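The values are calculated or read from the model by the stated rules, or taken from the named source; none is laboratory data. None of these values were measured; they are calculated from a predicted model. Reconstructed Cβ throughout: ideal geometry from the backbone, glycine too, with neighbour counts over all protein chains shown.
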Amino acid sequence: MPIPSVATEDPPPLRPERPLPMDCCDSGCDPCVHDLYAEEMEHYEALLAAWRARNPGREPG
């Protein structure tokens with residue numbers, strides 16, 4: 001049985017998809033899709049920082 005590589009054991013986090021302009025209805029929703037995206041990006045950045053700390057020298061591909 002092959003030994004799994006580090007890349008498959010600890011893949012980088014996936015960046016959230018940016019909402020499309022048509023995803024926002026411009027009616028002041030709370031939360032707005034842009035607010036949700038900002039929260040998802042904060043979470044992603046934290047996950048990415050932790051991943052980079054565990055995988056020095058590697059870049060997400």
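Given the condition modelled with pLDDT under 95, surrounded by 13 or more Cβ atoms within 10 Å (Cβ to Cβ) and over 14 Å from the mean Cα position of the chain (by Cα), answer yes or no: does some residue in segment 9-18 qualify?
no
Looking at the structure I just gave you, is residue 48 assigned to a helix (DSSP H, G or I) and over 11 Å from the mean Cα position of the chain (by Cα)?
no
Just give me the residues in segment 21-59 being surrounded by 13 or more Cβ atoms within 10 Å (Cβ to Cβ), over 25 Å from residue 9 (Cβ atoms) and either among the hydroxyl-bearing types (Ser, Thr, Tyr) or in contact with a strand residue (DSSP E or B) (Cβ under 6 Å, 6 or more places away or on another chain) (or both), in sequence order.
Selection gives 37 alone.
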